[in-house]
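**Q** Here it is: the structure, laid out below.
Just so you know, all these numbers are worked out from the coordinates, no wet-lab data involved. Every value quoted in this text rests on a predicted model; they were computed, and no experiment measured them. Positions of Cβ are backbone-derived with ideal geometry, glycine not excepted, and every protein chain shown enters the neighbour counts.
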Amino acid sequence: MNSKEALQTLLEGNARYQAGECKMMNLPSAREELSRGQAPIAAIIRCADSRVAPEIVFDQPLGNLFVCGVAGNIPTQEIVESIEYTVQHLGTTLVIVMGHSNCVAVTAALQNEFVDGVFAQVALSPIPELDECIAFNAEHGIATILNRSYVLEQKVQQGTLRIVAGVQDIASGEFELVAQTSTE
Ligand SMILES: [Zn+2]
């Protein structure tokens, strides 16, 4: 599945989630096939926040999403290396940096001057306002991934990988795109 189709699949799943019409049941009958392998259609960098669950928000079954989580959805070196694996070996063509509303990690970064650790890596927008910073930090994640991974940068340039950033609104359930490496 190419990145455009993968993104469309996730946005359609998000529309079902918003409408309360999720259809993914993860039935026992699916497990035998699942045990034989995986081909995730997207890799996702999510915040560790308990209200953010990509499989639910995008209404996707087990096996479809390769999910990495850390406070503030920061593409740390370890996370970028995990994503390189799924892109290189599992055929994943889409990477999503997934921010969310009411993010405690971004709030903490706004209110404190962290000098090291993951909170220090939260990118704050010039406008010191929470929603602005949440969107800015997600978008900044794209640049961080490209800076940290020659492999992923090459695939983006070749047009075989798309990286997008977006924000999940917890109250409405909507996942809104903020930026992407290609709009094709
Ligand atoms: Zn968060």
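**Q** For a quick check of your reading of the filter: which GluC sites (Glu not before Pro) in segment 1-89 sit in a DSSP loop and have no more than 14 other Cβ atoms within 10 Å? Numbers along the way, then the final one.
**A** Details: sites: 5, 12, 21, 32, 33, 55, 78, 81, 84; in loops: 21.
Within segment 1-89, the qualifying GluC sites (Glu not before Pro) (loop, at most 14 other Cβ atoms within 10 Å) are 21.
**Q** With a ≥ b ≥ c taken as the square roots of the eigenvalues of the C-alpha gyration tensor of segment 1-89, please select rounded if a/c is under 1.5 and otherwise prolate if a/b is larger than b/c or oblate if it is not? Walk me through the numbers on the way to the answer.
**A** Details: a/c = 1.59, a/b = 1.19, b/c = 1.33.
It comes out oblate by the Cα gyration axes.
**Q** How would segment 91-184 be classified by its alpha-carbon gyration tensor: rounded, prolate or oblate, with rounded meaning a/c under 1.5 and the a/b versus b/c comparison settling the rest?
**A** oblate
**Q** Indicate, rounded to the nearest 5 percent, the antiparallel portion of the DSSP beta bridges found entirely in the chain.
**A** Counting only bridges with both partners in the chain, antiparallel ones make up about 25 percent.
**Q** A further question follows. Assign one of three labels to segment 12-52, namely rounded, prolate or oblate, based on the Cα gyration tensor with a ≥ b ≥ c the square roots of its eigenvalues; rounded applies when a/c is under 1.5, prolate when it is not and a/b is larger than b/c, and oblate otherwise. It would help to have the intermediate numbers written out before the result.
**A** On the way: a/c = 2.06, a/b = 1.32, b/c = 1.56.
In terms of gyration-tensor shape, oblate.
**Q** Of 16, 51, 31, which has the largest mean-square fluctuation in a 10 Å C-alpha GNM of the chain?
**A** Maximum fluctuation in the GNM of the chain, among the listed residues, is at 31.
**Q** Same structure, new question: So if each residue of separation counts as 0.36 nm, and I subtract the Cα-Cα distance between residue 108 and residue 30, what length gain in nm does that give?
**A** Working: separation 78, 0.36 × 78 = 28.08 nm, distance 4.10 nm.
Full extension of this stretch gives 24.0 nm more.
**Q** Ok, one more. What's the extension gain from residue 16 to residue 116 if we count 0.36 nm per residue and subtract their Cα-Cα distance?
**A** Details: separation 100, 0.36 × 100 = 36.00 nm, distance 3.96 nm.
Gain in length upon complete extension: 32.0 nm.
**Q** Determine the calculated [θ] at 222 nm for the chain from helices alone, applying -39500 (n - 2.57) to every DSSP H run no shorter than 4 residues and normalising by the residue count; nearest 500 deg cm²/dmol. If you can, show how the numbers build up before the last one.
**A** Details: 7 runs with 75 residues, N = 184.
It lands at -12000 deg cm²/dmol.
**Q** With no solvent and one point per C-alpha, what does the Debye sum give as log10 I(q)/I(0) for segment 58-100 at q = 0.16, 0.24, 0.28 Å⁻¹?
**A** Reported log10 I(q)/I(0), two decimals: -0.44, -0.95, -1.17.
**Q** Quick one: among 82, 101, 50, which has the greatest mean-square fluctuation in a GNM of the chain with alpha-carbon springs under 10 angstrom?
**A** 50
**Q** Using only C-alpha positions, report the orientation-averaged shadow area of the convex hull of segment 31-176, nm², one decimal.
**A** Numbers: hull surface 36.3 nm².
For segment 31-176, averaging the hull's shadow over all directions gives 9.1 nm².
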